Amino acid sequence: MKGPLCKSTAIFVRPFTVPGFSETLPAGEYDLETELSAPPNHLDPKNWEASVVVHLHPRASHPGLERNLTVTLANLNSARAKDKLSGKHLADFLLEEMLADPMTRLVMEADGVSEMQIRYLYSAARSTESDIEMLDQEEERQELQSRYREDSMIQTAENEGMPTLAE
């Protein structure tokens, strides 16, 4: 690595694997060095892929041996996402990240879409009849809330400028 580096730390809660490396790495804290951009002498900067050097823990059989592993940033991020999810699929992690985003929440609210509906859309398939019934009930509940909100806004507009009962 010869370009600008960013040093950071990754903490894995459970043992993990990285594609292209046959060893299962133990849980713990790992120092990272990420190359932020293509080195100046790189022949094809457009096809350059961000890489990370992971400083591995020494093996019990060789306690003084320092080891490093170079992986792509995408592979490391995938391993970290799987670790955060405790073994869940990466798609589930991305869904959770999306639902945690305040902007996504605002768009969902403006469109009248519930979290349950989004989860249903991103699920692999409808698994049981009760899932379908729950989704239908949620849609009915939202429709009633929307109607109530509209009726309330119309009533407020109609009563604007009218004297209150206390007067």
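Below are the figures for this structure:
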| quantity | calculated |
| --- | --- |
| Inter-residue pairs, beta-carbon under 6 Å, first at pLDDT 65 or above and in region 113-139, second of a type in the set (Asp, Glu), 6+ apart | Ser114/Glu138; Met116/Glu138 |
| Any pair with Cβ under 6 angstrom, 6 or more apart, that starts in region 23-42 at a residue that is closer than 14 Å to Thr70 by Cα and at pLDDT 85 or above and ends at one that is charged (D, E, K, R) and in a strand (DSSP E or B) | Glu33/Lys7 |
| Cross-chain or 6+ apart pairs with Cβ under 9 Å, region 8-19 first and assigned by TED's automatic domain parsing to the domain that holds Lys82, then charged (D, E, K, R) and surrounded by fewer than 11 Cβ atoms within 10 Å (Cβ to Cβ) | Thr9/Glu29; Ala10/Glu29; Ile11/Glu29; Phe12/Glu29 |
| Check on Ile154, at pLDDT 75 or above, over 29 Å from Glu97 (Cα atoms) and either surrounded by 11 or more Cβ atoms within 10 Å (Cβ to Cβ) or of a type outside the set (Ser, Thr, Tyr) (or both) | yes |
| Sole residue being touching a Ser or Thr at 6+ places or on another chain (Cβ under 9 Å), modelled with pLDDT of 85 or more and not in a strand (DSSP E or B), chosen from Met103, Met108 | Met108 |
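The values are calculated or read from the model by the stated rules, or taken from the named source; none is laboratory data. Predicted model, so just to flag it, every value in this text is computed and none were measured. Virtual Cβ from ideal backbone geometry, glycine too; neighbours counted across all protein chains shown.
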